[in-house]
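Structure first, then comments.
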Amino acid sequence: MNIRLVTKKDKILKVTLELIAKNGLNGSPMSLIAKEADVATGTIYHHFKSKSEIINAIYLNKKNDFKRILDHYDDNCLTAEEKFIGIWSDFYHYFVDNPLIFVFTQQISFSPIITEQVKAEGETYYQSIFMFFEKGIKNNIFVEMDLAVMTQLIFGNIMSLVELKLGGLEVSNNKLKEAISYSWRAVKK
């Protein structure tokens, strides 16, 4: 494998993420991506058929990051509450530490630019969280609720706190614990 090509591909992905987070989709044409990545436009098309393909690749890459966070909590020695707190906290810190990824995620998650195939693949990365909540419902730990709705509501709470933090609100450890506790009370029986 040619390391130089992999590096250029990674650079294209990184620059596209940065540009979309800063300028939005329409403000990030291929010509600007090529310029900022310091590659020829033809080099981009060597790796990707279109800007949509680049965006879908970034989307899946970030979903894989989320999967790694979730996989960290596959330990059966933790209680449901410990897993919930850990996952919630880790997602919060991931986005606070990666504000460009946060902005990209906010802009792209429900965009029609993400193909149905890529959405379906991305959903497979979340099977452990669905199984976690499903098991909790069966074991009478969590309220009975549609799993997609439950996970989206919890994720929305995380994203809201991240948005407040990135917007300048001082989020102390105490406020973070309060927000997690609020989300926990919303799903536990």
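The values are calculated or read from the model by the stated rules, or taken from the named source; none is laboratory data. The shown structure was predicted, so the numbers you read here are calculated from the model rather than taken from an experiment. Reconstructed Cβ throughout: ideal geometry from the backbone, glycine too, with neighbour counts over all protein chains shown. All accessible areas refer to the heavy atoms of the entire protein, side chains included, with ligands and DNA or RNA removed. Shrake-Rupley method; radii C 1.70, N 1.55, O 1.52, S 1.80 Å.
Couple of notes before you dig in:
- Per atom type, region 1-85 shows carbon and sulfur on 51% of its accessible surface, probed at 1.4 Å.
- With protein chains left intact and a 1.4 Å probe, residues in the chain average 57 Å² of accessible area per residue.
- Nearest-10 value in Å² for the accessible area of H72, using the 1.4 Å probe: 130 Å²
- Candidate residues L169, L161: accessible-area rank, largest first, probe 1.4 Å: L169, L161
- Taking amide H as placed 1.01 Å from N in the peptide plane, the amide H of F142 sits under 5 Å from that of I137, K189, each at least 5 places away or on another chain.
- Cα shape, region 17-60, gyration tensor, a/c 1.5 rule: oblate
- Separation in nanometres of the label points that stand 7 Å from Cα toward Cβ, at H93 and E163: 2.4 nm
- When the C-alpha to C-alpha distance is required to be over 20 Å, the pairs from K62/K177; K14/K35; K11/K119; K14/K51; K14/K49 that qualify are K62/K177; K11/K119.
- Choice from A57, A179, A40 showing the highest fluctuation, given a GNM over the chain with Cα pairs closer than 10 Å: A40
- Accessible area (Å², 1.4 Å probe, nearest 10) - E81: 80 Å²
- Heavy atoms of S181: accessible area, 1.4 Å probe, square angstrom to 10: 50 Å²
- Computed from the C-beta positions of Q107 and H46 and an R0 of 30 Å, the FRET efficiency is 0.70 to the nearest 0.05.
- In the set [x] -0.48, -0.57, -1.21; [y] -0.56, -0.64, -1.13; [z] -0.37, -0.45, -1.28, the label that goes with log10 I(q)/I(0) by the Debye sum over Cα atoms at q = 0.10, 0.11, 0.18 Å⁻¹ computed for this structure is [x].
- Stretch gain in nm, segment N61-Q152, where the contour uses 0.36 nm per residue and the Cα spacing is subtracted: 30.8 nm
- Estimated inter-spin distance, K188 and K22, nm [label 7 Å along Cα→Cβ]: 4.4 nm
- Gain on full extension, evaluated as 0.36 nm per residue between V143 and F130 minus their Cα-Cα distance, stands at 3.3 nm.
- The slack between S172 and D74, meaning 0.36 nm per residue of separation minus the straight C-alpha distance, is 32.5 nm.
- A helix-only calculation puts the chain at -24000 deg cm²/dmol for mean residue ellipticity at 222 nm, using -39500 (n - 2.57) for each DSSP H run of at least four residues, averaged over all residues.
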